[in-house]
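The values are calculated or read from the model by the stated rules, or taken from the named source; none is laboratory data. Not measured: the values here are computed from a predicted model. Neighbour counts run over all protein chains shown; Cβ positions are idealised from the backbone, glycine included. These area figures cover heavy atoms from the full protein model, side chains too; ligands, DNA and RNA do not enter into them. Shrake-Rupley method; radii C 1.70, N 1.55, O 1.52, S 1.80 Å.
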Amino acid sequence: QVQLVESGGGLVQAGGSLRLSCAASGRSFSSYAMGWFRQAPGKEREFVATINWSGDIRYYADSVKGRFTISRDNAKNTVHLQMNSLKPEDTAVYYCAARGGRSTARTSYEYAYWGQGTQVTVSS
């Protein structure tokens, strides 16, 4: 089992940047593929980015491709989401998630473990 805690959210102007972090506790962090999802008010949770266990395979939602970068540090049990060129439509609660398999996944039901979320608000 793994526990996840996100940090790094906040209020930023459009065009700005934020770096989200997710700290994982528990065993064998490198055994888990990781993902970031987000949920805006009144909308369903949506996929943002995913990374495999070793960090060499990454996928992004079309809406964030070229602006967001997911990375991980298995030695520190952390995963990050660097968000650049932020837009008001990126405003949401961002969730870190872990799945008990080493390959990436883009649907929320494939992830067994979730953090509590961190709010990102982008003002226009």
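List of remarks:
- Highlighted here are the strands (runs of 3 or more DSSP E) found entirely within the range 7-80 that include at least 1 residues which are farther than 23 Å from S124 by Cβ and within 12 Å of the chain's Cα centre (by Cα): 18-26, 33-39, 46-51, 58-60, 68-73.
- Residues located in the range 1-34, provided they are surrounded by fewer than 16 Cβ atoms within 10 Å (Cβ to Cβ), closer than 18 Å to D73 by Cβ and not small (G, A, S): Q3, V5, R19, R27
- Residue within the range 59-72 that is closer than 13 Å to V2 by Cβ and small (G, A, S) present: no
- Just so you know, in the range 88-108 the residues that are over 29 Å from L11 (Cα atoms) and exposed (fewer than 15 other Cβ atoms within 10 Å of the Cβ) include one that is modelled with the lowest pLDDT, and it is R102.
- Where a residue in the range 1-14 is among the hydroxyl-bearing types (S, T, Y) and its partner, wherever it lies, is assigned to a strand (DSSP E or B) and open to solvent by less than 80 Å² (accessible area, probe 1.4 Å), with Cβ under 7 Å and at least six apart: S7/S21; S7/T118
- Complete set of residues in the range 59-87 that are surrounded by 15 or more Cβ atoms within 10 Å (Cβ to Cβ), closer than 19 Å to S103 by Cα and among the charged types (D, E, K, R): R72
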